1. Name the residue that is surrounded by the fewest Cβ atoms within 10 Å (Cβ to Cβ), counting only residues in the range A:186-206 that are assigned to a loop (DSSP other than H, G, I, E, B) and either touching a Leu at 6+ places or on another chain (Cβ under 8 Å) or basic (Lys, Arg) (or both).
2. Applying the selection to the range A:269-310, what residues are closer than 16 Å to A:Thr335 by Cβ, acidic (Asp, Glu) and surrounded by fewer than 24 Cβ atoms within 10 Å (Cβ to Cβ)?
3. Of everything in the range A:351-380, what is over 30 Å from A:Met331 (Cα atoms) and hydrophobic (A, V, I, L, M, F, W, C)? Give them in sequence order.
4. When you go through B:Ala321, B:Ala345, B:Ala349 one by one, which is the residue that is surrounded by 23 or more Cβ atoms within 10 Å (Cβ to Cβ), without any contact (Cβ under 8 Å) to a residue 40 or more places away in the chain and not acidic (Asp, Glu)?
5. For the range A:299-323, which residues satisfy the criterion of being closer than 22 Å to A:Ile438 by Cβ and either at pLDDT below 95 or out of contact with any Leu (no Cβ under 9 Å at 6 or more places or on another chain) (or both)?
6. Inside the range A:228-279, can you point out the residues that are hydroxyl-bearing (Ser, Thr, Tyr), within 20 Å of the chain's Cα centre (by Cα) and within 30 Å of A:Gly413 (Cα to Cα)?
7. Filter the range B:235-280 down to residues that are outside any loop (DSSP other than H, G, I, E, B) and in contact (Cβ under 8 Å) with a residue 12 or more places away in the chain, then give me how many there are.
Amino acid sequence: MSFDSLAARALDTATARGADYADIRFEDVRSERIEARNGIVATLADTTSRGYGIRALVDGAWGFAASSDLTGAGLDRAAARAVAIARAGAAIARNRAGAPPPRAYTDVFATPVLRDPREIPLGDRVKLLLDAEKALHVSPQISVGRAWMDLWSTHKAFYSSIGSRIEQKLRQTGSGIEAMAVGDGDVQTRTFPGDIGLYKAGGWEIIEQARLGENAPRIAEEAVALLSAPQCPSGTFDIILGGSQVSLQIHESCGHPAELDRVMGWEANFSGVSFLEIAQLGKLKYGSDIVNILIDNTLPEGLATVGYDDEGSKSMTSDIIRNGVLVGYEMSNDTARAIGRESNACVRAQNWEYVPMIRMCNLNLLPGNTPFENLFDDVKDGVYMESNRSWSIDDHRLNFQFGCEIGWEVKNGKRGRMLKNPTYAGMTPKFWNSCDAIGDENSWVAWGTPNCGKGEPMQTGRTAQCASPARFRKVRVGVGYDG
Amino acid sequence: MDSRNRESLASRVLGLSNADQTEVMVWSGNDALTRFTHNMVHQNVAAEDTSVRVRAVIGKRTGVATTNVLDDEALRDTVLRAIEMAKLAPEDPGLPRLPAGGSFKAPEGAYVRQTVEATPRTRAEMCDAIFKTAEERGYWCAGFVTTSTGGATIVNSSGARASFDSTDSGVNVKMNAADSTGFAEAYDNDVSNLDAHAVGVTSARKAQESADPQGVDPGEWTVILEPAAFGELFTYLTDHFSAQSFDEGSSFLSDGLGKTYLGENVTISDDYAHPLNPGMPFDFEGQPTQRLALVENGVAKDIVTDSYWANKLQRSNTGHALPAPNAYGPQASHVVVSPGSKPAAQLIAETKRGLLITRFWYIRTVDQKKAIVTGMTRDGTFLIEDGEVTRGVRNMRFNQSIIGALRRCEFGNALHRTGGYSYSLIVPAAKIDGFTFSSGTEF
């Protein structure tokens, strides 16, 4: 459906009520979730949600009101509510923080899709998951098998009082499997691909990339083997992290601290602040010389790839860490203006109900030049870890502790026996400065994170951190199990 | 949408279905939140929505479809989508009939007119009181004031009919001084019971008293966890009371009920009617929720079920379903940890050397079965020496089994409501011996 006339009415109402600037974002969202669990379909759900969010700026203060009422009266009411909210904030404002975006766009964007998932009969989609889940039950010790699939499509239309009209049709797809083994008073879990499944922008081709069925027996056998595997030792070791774990490491220790709203204290009471202070821009040696991290919201298959963000800014690439040095942030219009820059289009809302906020979007660690198998070279005594199980980091994003589902000892350059409960801990800059090898482009994957939590009210964001496996020297290992 | 309109809508949708069994859930919400930082509002939002969820059952097959488009065509299409999905779903031999519901009584104080009528100006005035507290001290504050109204109606073809409306409100403040921070919170179904100024003052006092924090060595410490800290820790245990995790072996109770797992002073219940947080008296299948003793004096007494898990384990349905079917199983969502006999101040006074902790951050499970979790202290961590709170200390990371902690704990005699984005609990302050910290920070 076209939202043109509805948008005009809402923007006219907001302006008539006193808004200095207003925009409206319509979304028509369809989500399908299928989950097979222990031989049955635990979830088979098809959800549609349609609505809009209006931002209004009054005397430098923002108000936001969202509604699913698409009638003229409903639009008028929501627009008036957004203005009233902005005015209430302006009444107690100590200074003017908000300003309209610098430019308007008229454009359309659609996610490239090789095959529409809904061309695949629902029965076939369910069967794919049931077969993959069944293949996980390699032993009576597999207490829980799971296989899941998410298909998301969003028709989004953005209009602003300075003339933007942007229409986007976005598709995102993901799937995964998980096996939980129980025995000897222990519980061990293995997940594939990565620790959350494979989530990307695209269609059925993303499901095919995941190759759930052919990997299910191996994953389940590893879960069972972990029950009797030796405990990962505690101490200081060289470690090699699998690609999905490097992705998580980027997400938590670079993606979040580089959010400029966090740096400026906008998330202080909840998500926290950041050690990447503005005074450190261009100076802080965040990582070793081979660490290059950039935003690329145009990346094919990147889960956060869009044409325009939810403030109407055009997607682009932008450096965050160049040769190990902090050079940029993830920014919105207001935060970028505060440091004399322009937005790099990193603003997203969970859906129409939520106010847009800064997200890390696609944040990628550029591949190095080391083939995966050569990452083990020169490691005398180390641990290789795969697939995140536990993640925690302080509210400045410095002190972290992560755990993985599985590890292997590395002795004299060779991968050895399996280890259970591997964990590692450190301080962010010291850790990234210890990175001395990054896997090459053959091991580089656009790992998507479909469930990033931030903001109040809490919003779930979809981000990606493209990464290869990487090697880090002299890291504290075994924390949490060393007592 | 009020309960009468929700019930009318739900009945109309139920009438559109020719499935063997049908459940219709209608929920509506109107939520507002004013968020601030650096003593000014930076995010000020409100959202309203009404959605309809249809669960269609054909034989032993289930399909679910949801929409928030409420015209006749969309509702009819939603029912058809649920039926089509059910026809294509494989059979689940363990699927019971939809529950028939039953009588229930909404708890007093769940729905409060003053909260419904709160305006953006109401929230702004509460924020302004907090800003002034910060400015008087040369601090800056971050936090929010929120008010919300919600309602749920569930009807099904087995005869269940249930509606409930509630309100909620909250104040959350982190006060920031030169080298220290302090946190305080308050929640109530009635916004007029919230004293935003007092919350601001408490957070400011904590920031002031934790100034110039000094590092202490990691290792085992006696800790006094204020309710916000204890609640955040405890929420990582609530899934263990689910019949699903109990049966599948991932719960610490999986060795069986009737056994002693925790200290004999530990009693845990699930009580939707607790006056500090009166909640929904039925679950998302329309089944009346039982008020349950989960642990009594350290002994496991019960687990929570829904219709599926009650049937599977041949136990009674306790009315703790999430929207079904789902992969998570039933959940205890109104947990209350019984208080002890001493004021929290006395627990501190009886501590030779320990740490007073206001709040935790980013707790995550390290080992599910052993309930080992890791996380950080945050926004007000203090040293206790000879029964006195003497100074602020730098934040630290802990690694601790919650079960182990609940075997060597003592509770304060007052209950508080504490909450986060995914939980609301009623807990006392807790004193725990041998709480393990593994590393520190520079702040």
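The values are calculated or read from the model by the stated rules, or taken from the named source; none is laboratory data. Keep in mind that this is a model prediction, so the values were computed, not measured. When we count neighbours, we look across all protein chains shown, and the Cβ atoms used for this are built from the backbone with ideal geometry, even at glycine.
1. Step by step, filter the range A:186-206, then rank; the result is A:Gly203.
2. A:Glu277
3. A:Phe372, A:Leu375, A:Phe376, A:Val379
4. Checking each option against the conditions leaves just B:Ala321.
5. Hits for the range A:299-323 are A:Leu299, A:Pro300, A:Glu301, A:Gly302, A:Leu303, A:Asn323.
6. Narrowing the range A:228-279 to residues hydroxyl-bearing (Ser, Thr, Tyr): A:228, A:234, A:236, A:244, A:247, A:253, A:271, A:274.
Subset that is within 20 Å of the chain's Cα centre (by Cα): A:244, A:247, A:253, A:271, A:274.
Scanning the range A:228-279 gives A:Ser244, A:Ser247, A:Ser253.
7. Residues meeting the conditions: 17.
Condition check ((1) out of contact with any helix residue (DSSP H, G or I) (no Cβ under 8 Å at 6 or more places or on another chain); (2) at pLDDT below 95; (3) farther than 16 Å from B:Glu350 by Cβ; (4) not hydroxyl-bearing (Ser, Thr, Tyr)) across all residues:
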| site | (1), (2), (3), (4) |
| --- | --- |
| B:Thr390 | yes, no, no, no |
| B:Asn395 | yes, no, yes, yes |
| B:Gly404 | yes, no, yes, yes |
| B:Ile426 | yes, no, yes, yes |
| B:Phe443 | yes, yes, yes, yes |
